[in-house]
Amino acid sequence: MGKPEVDYGLYLVTDSTPAILGDRNLNEVVEASLKGGVTIVQLREKKGDTAELIAKAKALHEITKRYNVPLLINDRVDVALAVDCEGIHIGQDDMDLSTARKLLGPDKIIGVTASTVDEALKACEGGADYLGIGTVYATPTKTNTKEIIGAAGVREILGKIADAGHKTQTVCIGGVNESNLQRIVFQCAAAYKRLDGVAIVSAIMAAQDPESAAKKLLALVRSPPAFQADTRGKDSDVADVKTVVDLAPSVLQRVHETTPLSHNMTNIVVQNIAANVALAIGASPIMAGYGEEAPDLCKLGGALVINMGSVDPNGLTNYLKALKAYNLEGRPVVFDPVGQEQQRGVDSSSTLDASQKAQLVRELAAREKNVVVMTGKTDFVSDGVRTFAIDNGHEYLGMVTGTGCTLGTTISAAIASRTTNRLVAVIAAILHFEIAAEIAASRPEVRGPGSFVPAFLDELYLIRQATASKELSWLERAKVRSVV
Ligand code: 3NM
C-alpha cells in the first residue's frame, strides 16, 4: 500500500474543550474545516476513556476519508491502530518514536513535536515523517508548553535539519492565525529549508465560521505574501560602490516625479520637521496616527514610517493596525526603533567598533530578510548580502531634535518610489539627506543648529531640483565604501 503523499499545508489540530469548541459538535466543526480546505487533521483529546476515544476517532475518520485527508491521533498509538487511520503525532513525553514505528509499521505517518535542535535532529534520524515545531508564540490553547521559541527558533531548527541533510517535512505550531501566518512562514524560512505548512487549533476550531476560516488560511498558505514581492530587483547583485552611487539620482528623480505618499506615524517631537523634510524632497507627507485610516492610506502607493519615540499604549495599537494594513498590501515600511538601544542592552552602537557594527547590521538584515540601517558618524547599511559604510553627514544633525528621525521619512519616499532593489533606494536617500546637511552646514549664514534647520530644508530641496535637471555635482561628495 505504501505511505500516502501528505500535504501538510494547513494542518488542523482538534480541541474539544469548551473554551475552544464551545457547545458545538466536533465532527461538524472538523467537516466544515475540511470543506474550507484543511489538508491534514490530528485528533487531539487529552481526556476520555479509551472506548470513547476510539468511537470518536472512528467517526472522525469516516469524515476525513470522504475528503481524502489523513487523520492522525495525538499520542495514542492504540487508538490509531484500532481505527486504522493514517498515523499518529507524538510529543517528547509520549511513547518513543522507535517503539511507535514498530507498533505502527512503515506505512503509517508519525509526527514528532520538537522545540529544540537536538529533539528535531533525533526525530529526523529516527525516521519521523514530519516535525511539529513549536511553540512559536504563546497561546491560550496550550499553556503547558515547554518553550516559546519564536520564528527565530523555528528557523534555527530548519537550518540545522537542512545542514544535516534531512528531508523531513515540517510544520510549526502555536499562536498561528490569519493575521500572522504569512509573516511567520516568511520569517521561519532558513536558507535551504522552509516550512511545509502550519498547524492550527484555535484560529479554525474556535472560529465562528470554520469553513471560511480554513479557506482564508489555506489561501494565505498557498500564496506568497504581498510583502515578499521582489524587493531586490534585476540589479540586486550590484555590489560595487560606483554603480550603487550612480543609481542614486534615478531614485531622487523618481521621488520628484511621482510624489510618493510618506505616511508618518511618528513621535510628537518630529511631526513638523518630518512633514517639511518630506515636502522638500518631493514626497507627499501625511502625519496620520489613527490606525483605522491605514487600510485606505496603504493603497495609495506610498510607504509607512513607524517611529517608536514617545510611543504610548494607544499609539502602539494604532501602529500595529497600520503595520498589518501595509503588510497585507505589500507596501514598504520603515521601522525606526528610537530609544530602543538601552532596553535591548545594545547601547552597543557606541561601544562596538566599525567592523562589529557592520557585522551586526549585516546579520540583522540577513535574519530579518530586510534592509537594516545603523546611523552614526559612519552609517552602515546592509541587505544581508551587501554591506556599505557611508561617511557623509554633519554633526548639526545630532544637535537638532528630530532631524535624525526624518531620515526615516526620506527613506520612506525612496523605497515607496523604488520598490525593487531597496538597498539602492535606501543608500540614495541617505546620500540625499546627509550631503544636504553637509552643504547646509557649510553655508556662511549657518552659525549653529538653529540656522542649520532652514538651510538644511533648502539644500534638500536644491539637491532634488538639481537632480531633476541632471545636475549631479552634489553627488561628488558621496563617501560610500563597501564593507565585508
Ligand atoms: N501544541 P493555537 S502549541 C497543540 O508547542 C499545541 O507543541 C503546541 O494552538 C506545541 O493554534 C499547541 O490555538 C496549541 O495557538 C496551538
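Quick notes on this one:
- Given R0 = 45 Å, the distance between the Cβ atoms of ASN272 and LYS146 translates into a calculated FRET efficiency of 0.35.
- Between GLU445 and LEU462, the simple spin-label model (points 7 angstrom out along Cα→Cβ) gives 1.0 nm.
- Residues in the range 82-114 that a label on GLU125 would reach, taking backbone N under 20 Å of a point 7 Å out along Cα→Cβ: 90-102, 110-114
- For the range 241-482, DSSP calls about 50 percent of its internal beta bridges antiparallel.
- Full extension of the segment from SER473 to GLU257, taken as 0.36 nm per residue of separation minus the current Cα-Cα distance, would add 75.7 nm.
- Bridge type composition, the chain - antiparallel percent by DSSP, nearest 5: 25 percent
- For the range 145-229, the solvent-accessible area of protein heavy atoms averages 45 Å² per residue (probe radius 1.4 Å; ligands and nucleic acids excluded).
- Between the helical axis of 210-222 and the longest alpha-carbon principal axis of the chain there is an angle of about 60 degrees.
- Once exposed loop chymotrypsin sites (Phe, Trp or Tyr not before Pro) are cut out (DSSP; at most 12 other Cβ, 10 Å), longest piece of the chain: 291-484
- Zero-based 5 Å bins, Cα pair distances in the range 10-223, whole percents: 1, 8, 16, 20, 21, 18, 11, 4, 1, 0
- Kirkwood-based shape ratio for the range 241-482, expressed as Rg/Rh from alpha carbons: 0.94
- Cβ-defined net charge surrounding LEU220, 11 Å radius [Lys, Arg +1; Asp, Glu -1]: +3
- Gap separating the Cα centres of the range 397-451 and the range 1-48, nearest whole Å: 53 Å
- The range 1-77 - Debye-derived log10 I(q)/I(0), Cα point model, q = 0.16, 0.20, 0.23 Å⁻¹: -0.57, -0.89, -1.17
- On the principal axes of its alpha-carbon atoms, the range 270-406 has extents of 43, 33, 30 Å, going from largest to smallest.
- Computed over the chain, relative contact order equals 13 percent, with contacts defined as Cα pairs under 8 Å that lie 6+ residues apart.
- The chain, dipole about Cα centre (Lys/Arg Cβ +1, Asp/Glu Cβ -1), debye to the nearest 20: 540 debye
- Put a plus charge on the Cβ of each Lys and Arg, a minus charge on the Cβ of each Asp and Glu, and nothing anywhere else: the dipole of the range 436-484 about its Cα centre is then about 180 debye.
- Here the label points at LYS35 and GLU178, each 7 Å from Cα along the C-beta direction, are separated by 1.7 nm in the simple model.
- P(r) tail for the range 440-484: Cα pairs beyond 13 Å make up 63% of the total.
- The range 402-456: trypsin sites (Lys or Arg not before Pro) falling in loop per DSSP and having at most 15 other Cβ within 10 Å: ARG447
- Surface composition of the range 10-223: carbon and sulfur atoms hold 50% of the protein heavy-atom accessible area at a 1.4 Å probe.
- A simple count of charges around LYS35, restricted to other residues whose Cβ falls under 12 Å of its Cβ and scoring Lys, Arg +1 and Asp, Glu -1, yields -2.
- Dipole of the chain [Lys/Arg +1, Asp/Glu -1 at C-beta], most positive-end residue of VAL251, PRO106, SER310: VAL251
- The residues of the range 241-482 present an accessible area of 44 Å² per residue when probed at 1.4 Å with all protein chains retained.
- Cα coordinate range in the chain, projected on the principal axes (Å, largest first): 90, 43, 38
- Think of the chain as having a plus end and a minus end, set by charges on the Cβ of Lys, Arg, Asp and Glu; of ILE184, ALA478, ILE268, ALA478 sits farthest toward the positive end of this dipole.
- 10 Å-binned pair-distance histogram of the range 115-158 (Cα, whole percent): 29, 51, 20, 0
The values are calculated or read from the model by the stated rules, or taken from the named source; none is laboratory data. All of these numbers come straight from a predicted model, not from anything done at the bench. Positions of Cβ are generated from backbone atoms using ideal geometry, with glycine treated the same way; all protein chains shown enter the neighbour counts. Calculation scope for accessible area: heavy atoms of the full protein, side chains included, ligands and nucleic acids excluded. Shrake-Rupley method; radii C 1.70, N 1.55, O 1.52, S 1.80 Å.
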